[in-house]
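Following: one structure in structure tokens, then a few remarks.
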Amino acid sequence: MAKRFYITTPIYYVNAEPHIGHAYTTIVADVMNRFHKFMGYETFFLTGTDEHGDKIAQAAQQAGLDPQSYVDRMSQLFRDTWPKLNISHDDFIRTTDARHVRVVQAILQKVHDVGEIYFDSYKGLYCVGCERFYTERELVDGKCPDHDREPIEREEANYFFRMSKYQQWLIQYIKQHPDFIRPERYRNEVLAFLAEPLEDLCISRPKQRLDWGISLPFDARYVTYVWFDALINYITALDYPDGPLFQTMWPVAQHLIAKDILKPHGIYWPTIMRAAGIEPYQHLNVHGYWKTDEGKMSKSRGTVVRPLDLVPVYGVDAFRYFLLREMVFGLDANFNEKALVNRLNADLANDLGNLFSRTLAMTAKYFGGKVPASGASGNGLDEELRDQVELTRAQYLKEMPRWSFHKALMSVWELIGKANKYIDEVGPWNLAKEPSQRERLGVVLRNLLEINKFVAVLIAPVMPETAEKMLERLGVSRKVMDLRLETDARWGTLVEGVPVSKGEALFPRIEAEHEAGDRVPGIEPKKLKKAAEIEKSRGTGTSPPADPCISLEAFNKIDLRTGIIKHAERIPKSEKLLRLIVDIGEERQVVAGLAQTHAPRDLVGKQVILLANLEPTRLMGVESRGMVLAVHDGDTLSLLTTERPVASGHRVT
Ligand SMILES: [Zn+2]
């Protein structure tokens, strides 16, 4: 039977822009997809966006757009992010695609036809502001968390899926398939949910309160509940029910999700499939959260912390390596810039980078940059090295399919460490002094070249760019996507006499060691210079940008927030400046040139728009972190505000 692998990420809900959580899931899917390709599998990798539901309709309204224009814009943000992270998916599905609407309606009709969907009235707690029902558990002190007011009791007729009927079947299925949901902690979590009585699932919303969704095929007054719609994407993309991909790939489907959406994937989805006569997916793989300062203000920098902004600064491979090496799959992990820089310096620049550049430099110096002949191993050190290669290969092949990326990478780095030690112990520079040791020197360098090649192949799923660079310089003509572990992760695949080239460092060290978050803009010339170079290299060259347009991405770097002025006072000895305290979810001190046009007492309570990620500065000795937006009209100065009052801290988009 052909070896096949089908991997999916969740389709991402487009009410927010891509962040580290989305990036991690999608990178992991990409790594697993590449790994299975290397193992000779036929693979299919699906990602996409989830675009229906009340939150989207609301977000569109807030953005002043119709829902379709809003989801088009947001979905594009995700689509534009993945190439920058070197993600190569086979398909990108949107729940607004016509192909998806057809499949959702077909499944609804099928489940309705077999009598597993019924019409009933539902009485619940309803927030008029949110236009939705709340469960008791979602309320805070009995009130809607968004509107701070008590919901009303409301009765509404809706369609329900008989999910409760499948509870016992699902419990049995999970018990009989121990790897169905993994790691085990999440399997246990689902079984714990199922220990309580399972309720039927409300799968409709009346169009009178939400019409942004897929119409029920059997009642046009309703749209489909967003989860019933979204989960089906995994089979839409395979052309359910008759497409050849559905026949070949669905039996080997592996879903990858973060733990926040365990319940819909672990319970709703298998029971819906059961009712629709579809076999369940093969595995549900669940990962933990990245704890970051994302979205918070960095105190010293005065900017919003966004891990994805670090990708162009440190490089996509360093970023991918860090995520895979740092998180134990299934558990939570911390993301911070300092840890990323430490890994980059220690593992990548020091261990891997040094091994590679030392090997190539010595090959250039002693053998004219050509791969020397292999020969009989000279001593125990050679044997040890060969043993480590076999050990690393075995561990890597064991850990990768189990999603234990950190362990697989640790075993590769163990080999890198051994190889660096081998260089120090053998001392090729001493052998080079003895003409009689010429052959031995050749064997030593050949061993090292073989190890570099072996390492390049093993890291290729995680760091494709670096692997490609290494292979190219080692004189290997294989393209990264064509690598096969069976034939390429082998000792003795280099060819004698083939030229190799040293090139520049794989990973330049980040020299300015710093405490992330303790940093003042401007004190990191090296890093900032690197970032500036990357920015520049993306453009046409040295000329200043001639295009007066900026990309949406560039605009998204501008962090504009709604705020309320809490306090205003004159700055002594200044004619123009006022010191303001603006509440943007946190209190910001801002110095503004408003003293000649505005009395401090008139400003308090005013809603303003603050440029929140402006570099902090000092004016008349007072620190200013942000800029209040205003427009000049002759002698007057008018503050920018919003059409309707908006709570503090909302992002202006
Ligand atoms: Zn509400």
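The values are calculated or read from the model by the stated rules, or taken from the named source; none is laboratory data. Remember, predicted model here, so these are calculated numbers, not experimental data. Neighbour counts are summed over all protein chains in view; Cβ atoms, including those assigned to glycine, are modelled from backbone coordinates with ideal geometry. Accessible surface is based on the protein model in full, side chains and every heavy atom, while ligands, DNA and RNA are left aside. Shrake-Rupley method; radii C 1.70, N 1.55, O 1.52, S 1.80 Å.
Key figures
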| read-out | value |
| --- | --- |
| Per-bin percent of Cα-Cα distances, the stretch 547-653 [5 Å] | 2, 13, 22, 23, 20, 11, 6, 2, 0 |
| Accessible-area order (highest first, 1.4 angstrom probe) of the listed residues Phe35, Phe555, Phe246 | Phe555, Phe246, Phe35 |
| FRET efficiency estimate (nearest 0.05) - Cβ-Cβ, Ile558 to Glu131, R0 25 angstrom | 0.20 |
| Full-extension gain in nm, Met410 to Val140, via 0.36 nm per residue minus C-alpha separation | 92.7 nm |
| Whole-number D in µm²/s for the stretch 210-291 (Stokes-Einstein; Kirkwood sum over Cα pairs; 20 °C, 1.002 mPa s) | 151 |
| Area accessible to solvent at Arg478, 1.4 Å probe radius, in Å² | 90 |
| Cysteines having no other Cys beta carbon under 4.7 Å from their own, within the chain | Cys202, Cys549 |
| Theoretical FRET efficiency, 1/(1+(r/R0)^6), r = Cβ-Cβ of Lys398 and Ala364, R0 45 Å, to 0.05 | 0.80 |
| Distance between the stretch 449-509 and the stretch 72-100 - C-alpha centres, whole angstrom | 31 |
| Accessible area, probe 1.4 Å, largest first, for residues Cys130, Cys549 | Cys549, Cys130 |
| Relative contact order computed over the chain (Cα-Cα under 8 Å; 6+ residues apart), in percent | 11 |
| Expected 222 nm ellipticity per residue - DSSP helices of 4 or more, -39500 (n - 2.57), all of the chain, to 500 | -11500 deg cm²/dmol |
| Extended-chain gain in nm, criterion 0.36 nm per residue less alpha-carbon gap, Glu623 and Ala106 | 180.0 nm |
| Residue order for Asp200, Asp229, Asp293 - accessible surface, 1.4 angstrom probe, largest first | Asp293, Asp200, Asp229 |
| Per residue convex hull volume, Cα atoms of the chain, in Å³ | 195 |
| Efficiency of FRET between Asp211 and Arg154 - r from beta-carbon atoms, R0 22 angstrom, step 0.05 | 0.75 |
| Rounded accessible area of Asp97 (nearest 10 Å², 1.4 Å probe) | 40 |
| Set of aspartates and glutamates with alpha-carbon distance to Lys110 below 17 Å, sequence-local pairs under 8 removed | Asp219, Asp229, Asp239, Asp242, Glu279 |
| Contour minus Cα-Cα distance for Ala63 and Ala2 (0.36 nm per residue) | 17.1 nm |
| For Ser436, solvent-accessible area (1.4 Å; no DNA, RNA or ligand), Å² | 90 |
| Whole-Å distance, taken between Cα centres, linking the stretch 1-51 and the stretch 558-615 | 45 |
